[in-house]
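The structure under discussion appears below in the form of structure tokens.
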Amino acid sequence: MFSYETILFTQEGHTAVLTLNRPERRNAFTHQMLRELADAVQRCATDETIRAVLIGGAGKGFCAGQDLSTFDGVPSPDDVYDAVMNYYKPLIMALTGLEKPVIAAIQGAAAGAGVSLALACDLRIMAADAYLMLAFSNIGLVPDAGASWFMTRHLGYSRAFQLAAAAERLDAARCLEMGLANRVVAAERLPDAALSWAHELAARPTRALGMTKKAMLHALHSSLAETIELEAKMQSLAVQTQDHQEGVAAFLQRRTPAFTGQ
């Protein structure tokens, strides 16, 4: 597949597997990694053979957040603003705008902006010994890369603020209880379980899932009336797809549908 220096991009069937590949730094972000990851997500968007995306980390951790050693001393205010707006934002917007399901497979730590990356994915599967941690306040910083948006929408203001203010470490069981994780498996089962789940989603009607994702994200900041109007527009598109025709035919013939993503 495509060649990058800080991530790995492979394809397993109709699933793209993107692996953060700086295990010696716990897969901490650099500007290069953020650019490469955003580029890989854009490639997934345009490749019709890719119908689901799985994001994970090499080694023992998912992502430790920003690699502070990449800055020459204390970063300037302009450096920080540039990093968030020109490196993190394009990646997060590419993930949430990707009209294909995205799963984060989390082992070890997802900390700081690593939490933002995990929450920008549609679904999260965690190893039983993994954890999330909004560690920003430990170094006098505020959540970024969309963490404030994701956390308040998942948990509400008060609980999200509590976790950010105290930099609480959330183990996998608690993440599952709070709705931050969808599934938790034994650490040794994580790679296979995550890939199997991605394959299941890749076999679903891709365009319908993409429009469902778009409608549900839109609903987070829309009225009921606006949401119903968007649903009507989406449904008028979905009814034209080959997968809709296949789904109806399979239902009438009492067989399992063979969706193609078209």
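What is the spin-label model distance, in nm, from A225 to M178 if the labels are put 7 Å beyond Cα along the C-beta direction?
For the pair A225/M178, the computed spacing is 3.7 nm.
Order of M33, M85, M133, M178 from fewest to most other C-beta atoms within 10 Å?
Values: M33 24, M85 11, M133 20, M178 14.
Placing the least packed residue first, the sequence is M85, M178, M133, M33.
Provide, in order from the shortest bin, the percent of all Cα-Cα pairs of the chain in each 10 Å bin, continuing until the bin that contains the maximum pair distance.
Computed distribution, short to long bins: 7, 29, 35, 21, 7, 1, 0.
Report Rg(Cα)/(2.2 N^0.38 Å) for segment 206-253, keeping two decimals.
On the way: Rg = 12.4 Å, N = 48, 2.2 N^0.38 = 9.6 Å.
Normalised Cα radius of gyration, segment 206-253: 1.30.
Just rank R26, R169, fewest to most, by other beta-carbon atoms within 10 angstrom.
Ascending Cβ contact count within 10 Å gives the list R169, R26.
In deg cm²/dmol, rounded to 500, what helix-only [θ] at 222 nm does the chain give when every DSSP H run of at least 4 residues adds -39500 (n - 2.57) and the total is split over its residues? Spell out each step's value before the answer.
Numbers: 11 runs with 120 residues, N = 262.
It comes out at -14000 deg cm²/dmol, rounded to the nearest 500.
Provide, for the chain, the number of lysine pairs with alpha carbons under 24 Å apart, each pair being eight or more places apart or on different chains.
Values: K89/K100; K89/K213; K89/K214; K100/K213; K100/K214; K100/K233; K213/K233; K214/K233.
The number of close lysine pairs in the chain is 8.
Mind sorting D144, D171 by how few other Cβ atoms lie within 10 Å of their own Cβ, fewest first?
D171, D144
Readers should treat all values here as calculations from the given coordinates under stated rules, not as data from a laboratory. All of these numbers come straight from a predicted model, not from anything done at the bench. Note that we place each Cβ from the backbone using ideal geometry, even for glycine, and neighbour counts take in every protein chain shown.
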